[in-house]
Amino acid sequence: MQRPRTLEQALEVLARATSSARLLAGGTDLMVEFETGRTHPDVVFDLWGVKELRYVRAENGGLRLGSLSTCRDLLDSALAREGADLLVLAADEVGAEQIKNRATLGGNLGTASPASDLGPVLSVLRARVRLVSLRGEREVSVDDFWTGYRATQRANDELIESVFIPTCPRDERRGFRKVGTRRAQSISKVVVAMALRVDGGVLQGVRSAAGSVAERIVRLSTLERALDGQRPSRALVSDATRDSARVDARPIDDVRSTARYRRATLQRVAEGLILDLAGIEGAH
Ligand SMILES: Cc1cc2nc3c(=O)[nH]c(=O)nc-3n(C[C@H](O)[C@H](O)[C@H](O)COP(=O)(O)OP(=O)(O)OC[C@H]3O[C@@H](n4cnc5c(N)ncnc54)[C@H](O)[C@@H]3O)c2cc1C
């Protein structure tokens, strides 16, 4: 175990890392992997002491969140509540208080779990991930950062330094829903995030993403295309969400749920969210 204290030290030790090395932040995912034997790293770099990665600050055109920010940090930050309201809602759904105190934004991204609660929200909020190494830094959209099941485009010598969330349009309406086995402390069976504007009775800027319905977090592109520029009606929303659950989702049967249930639930949850956000009477 190596314990860098500054970002510079972390990048120096990482420069020699192989694909078998692991970064450790809060440890809420990694410790489970060690325990189950899924991960056998040759070296672990503990980032918890790199305090300069733990911040929330306003930046030109948006909000920058250090990768070591925990879910609790987000909940406690007035800046985050104002500039990334949906992310704060999702952070409140992550585990119990002990988990929130350790679960970091960088760790959530790094695990690249298809069941992440923060993932769909980050996608809908157009988040950009900043990766740094001794070679320099680069920023990629979160949709491109995840490349597959628990896979990302991070190179061995890079770490996630921060996430940038652009300021949301003033008139944007946003929502997040998670379906789990029980109200608290459960990994999602289906999780959906949505943002849209209603301009002169017409839906604009629809963005939606879901978790636990494919091998990675997915944008609901079929849904976005079907709704953008349309006057919302129950029939339109019902057809669009049914098509999206069929085309955008690639669910599987696993210990938490069945593919059939996930597809049906995705449709029902997305439909309810859109009806609520669009202000259509009798939304469920
Ligand atoms: C009981 C329990 C309940 C949970 N409930 C939820 C839940 O409801 N919703 C949910 O979404 N998740 C949940 N999780 C999963 C977990 O808490 C989150 O994914 C958390 O955000 C991971 O952050 P961490 O700091 O603990 O990551 P770690 O375990 O430290 O690391 C996770 C991965 O990210 C990599 N990593 C960490 N930091 C960086 C960095 N800065 N740069 C590059 N890579 C990095 C690590 O190498 C590792 O591969 C739960 C976990 C437990 C144990």
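The values are calculated or read from the model by the stated rules, or taken from the named source; none is laboratory data. Bear in mind the structure is a predicted one, so any value in this text is a computation, not a measurement. Backbone-built Cβ (ideal geometry, glycine too); neighbour counts: all protein chains shown. What goes into the accessible areas is simple: the full protein's heavy atoms, side chains included, and nothing from ligands, DNA or RNA. Shrake-Rupley method; radii C 1.70, N 1.55, O 1.52, S 1.80 Å.
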Counting chymotrypsin sites (Phe, Trp or Tyr not before Pro) as exposed when in a DSSP loop with at most 16 other beta carbons within 10 Å, what is the longest stretch of the chain free of them?
-> 150-284
Selection from LEU220, ALA91, ALA240 lying farthest towards where the dipole of the chain points positive, charges on Cβ | ALA240
Given a 1.4 Å probe, how much area per residue of segment 183-284 is accessible, in Å²?
-> 45 Å²
List the lysines whose alpha-carbon lies under 30 Å from that of LYS51, not counting same-chain residues fewer than 8 positions away?
-> LYS100
Compute the separation of the alpha-carbon centres of segment 211-271 and segment 1-47 and state it in Å as a whole number.
-> 36 Å
Find which of ALA249, GLY175, ALA80 sits farthest along the positive direction of the dipole of the chain, computed with +1 on the beta-carbon of Lys and Arg, -1 on that of Asp and Glu, about the Cα centre.
-> ALA249
How large is Rg over Rh for segment 1-59, taking Rg from the Cα atoms and Rh as the Kirkwood inverse mean of 1/r across Cα pairs?
-> 1.02
Listed residues GLU158, GLU215, GLU52, most fluctuating in the chain (Gaussian network, C-alpha, under 10 Å) | GLU52
Taking square-rooted eigenvalues a ≥ b ≥ c of the alpha carbon gyration tensor, is segment 114-213 rounded, prolate or oblate, where a/c under 1.5 means rounded and, failing that, a/b exceeding b/c means prolate?
-> oblate
Provide, in order from the shortest bin, the percent of all Cα-Cα pairs of the chain in each 5 Å bin, continuing until the bin that contains the maximum pair distance.
-> 1, 6, 12, 17, 18, 16, 13, 8, 5, 3, 1, 0
Please report, in debye to the nearest 20, how large the charge dipole of the chain is about its Cα centre when each Lys and Arg carries +1 at its beta carbon and each Asp and Glu carries -1 there.
-> 520 debye
Largest to smallest accessible area among MET194, MET31 [probe 1.4 Å] | MET31, MET194
Residue-averaged [θ]222 nm for the chain, counting only DSSP H segments that reach four residues, each worth -39500 (n - 2.57) | -9500 deg cm²/dmol
Pairing the Cα long axis of helix 259-278 with the longest principal axis of the chain, what angle in degrees results, from 0 to 90 and rounded to the nearest 10?
-> 70 degrees
Cα-centred dipole magnitude for segment 216-282, charges only on beta-carbon of K, R (+1) and D, E (-1), debye, nearest 20 | 260 debye
Across VAL206, VAL43, VAL88, the residue with the highest GNM fluctuation in the chain (Cα network, 10 Å cutoff) is VAL43
Whole-percent tail of the Cα-Cα distance distribution for segment 173-278, cut at 25 Å, equals 16 percent
Cα centre as origin, Lys/Arg/Asp/Glu Cβ charges: segment 173-278 dipole, Debye = 360 debye
Kindly state, as a whole number, the per residue volume in cubic angstrom of the convex hull around the alpha carbon atoms of segment 52-166.
-> 96 Å³
